[in-house]
Amino acid sequence: MALKTFNIYCDESCHLENDHKRYMLLGSISSAYNQVKRHTERINNLKRKHHYFGEIKWSNVSNSQLQFYKELVDYFFDTDLRFRAVVIDKSKVNNEDFQQDFDTFYYKMYYYLLNHNKNSQYAYNVYLDIKDDLSAIKVQKLKKILNTKFGVFRNIQNIRSHESILLQLTDFIMGALSYNLNDENQKVIAKRQLIERIKNHAQQNLKCSSDYNSSKLNLFFIELQ
């Protein structure tokens, strides 16, 4: 019998060491493999309904597209899709004590993101958004790190955001969480309303860790030593 398989779509926000943003986020959306096509079709139908033709991403949120993004938030919470993010206060990162560079620290955080509640009876495909020329190297490192500890990650590869609507959805939700944490002057009314909608659906504080077993929207604020 074939293993039940999940696709995990990963993105990152404010992940550069010196970008003047306090909080770094690594996030992912997971979907049962056999549901990916269904989710893609339904979100595309939602786009057509609202005459939305661009990529779904937090930076594209505007007042004119607010209703589309509200319904997108509702869709996420009405389905079996799951979101998880690891949140790091970069002001507390102390690489010298651990004799590591920021790049090594970055991979450790990805490990924390992806190894949470993995089931050895399942298989996982991991897709990362291509950010730069180093993306291929990142994938190779992650493969080595993850499958040294687990044998469940069948495929880890880079894709471009336009190739996956679920990767775009990851960007959108993580962008909302990052904006909520990093931007004190939240001037865009539409973005404030969407954050409130996410908060109301999730019924949790978006500025601290979720309960460990929270599966729909799980936030893990790492306490660095």
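Quick note: the coordinates plus some simple rules give every number you see, no bench work behind them. Note that the structure is a prediction, hence the values are computed from the model and not measured. So basically every Cβ, Gly included, is an ideal-geometry build from the backbone, and we count neighbours across all protein chains shown.
So, with +1 on the Cβ of K and R and -1 on the Cβ of D and E, and no other charges, what is the size of the charge dipole of the chain about its Cα centre, to the nearest 20 debye?
Working: 32 positive and 25 negative charges, 150 e Å.
It comes to approximately 720 debye.
Please give the contour-minus-distance gain from residue 208 to residue 120: 0.36 nm per residue of separation, less the Cα-Cα distance, rounded to one decimal in nm.
28.8 nm
What ranking do 13, 215, 64 get, fewest neighbouring Cβ atoms within 10 angstrom at the top?
Least crowded to most crowded, the residues run 64, 215, 13.
Give the whole-number value, in cubic angstrom per residue, of the convex hull volume spanned by the C-alpha atoms of the stretch 5-221.
125 Å³
Please work out how much length the chain gains when fully extended from residue 137 to residue 22, using 0.36 nm per residue of separation minus the C-alpha to C-alpha distance, in nm with one decimal. Kindly include the intermediate steps, with their values, before the conclusion.
Values: separation 115, 0.36 × 115 = 41.40 nm, distance 2.60 nm.
That pair, residue 137 and residue 22, stretches by 38.8 nm at full extension.
Just need the relative contact order of the chain here, percent rounded to a whole number, with Cα pairs under 8 Å and 6+ apart.
Reported relative contact order: 32 percent.
Setting aside same-chain residues fewer than 8 positions from residue 92, which lysines have a Cα under 16 Å from its Cα?
Cα-Cα hits under 16 Å: 21, 108.
Fully extended, how many nm does the chain gain between residue 44 and residue 189 (0.36 nm per residue separation, minus their Cα-Cα distance)?
49.7 nm
With springs connecting C-alpha atoms under 10 Å apart, model the chain as a Gaussian network and identify which of 197, 42, 82 has the largest mean-square fluctuation.
42
Which value in deg cm²/dmol, rounded to the nearest 500, describes the helix-derived mean residue ellipticity at 222 nm for the chain, given -39,500 (n - 2.57) per DSSP H run of n ≥ 4 and division by the residue count? Intermediate values should be presented prior to the final figure.
Values: 6 runs with 87 residues, N = 225.
Dividing the helical sum by the residues of the chain leaves -12500 deg cm²/dmol.
Just how far, in whole angstrom, is the stretch 195-210 from the stretch 105-124 if you go by their alpha carbon centroids?
Going from one Cα centre to the other spans 23 Å.
Hey, rough spin-label estimate for residue 91 and residue 222, points 7 angstrom out along Cα→Cβ, what's it come to in nanometres?
Result for the modelled spin labels: 1.8 nm.
In a GNM of the chain with a 10 Å cut-off on Cα contacts, which of 164, 62, 30 has the highest mean-square fluctuation?
Top of the fluctuation ranking is 62.
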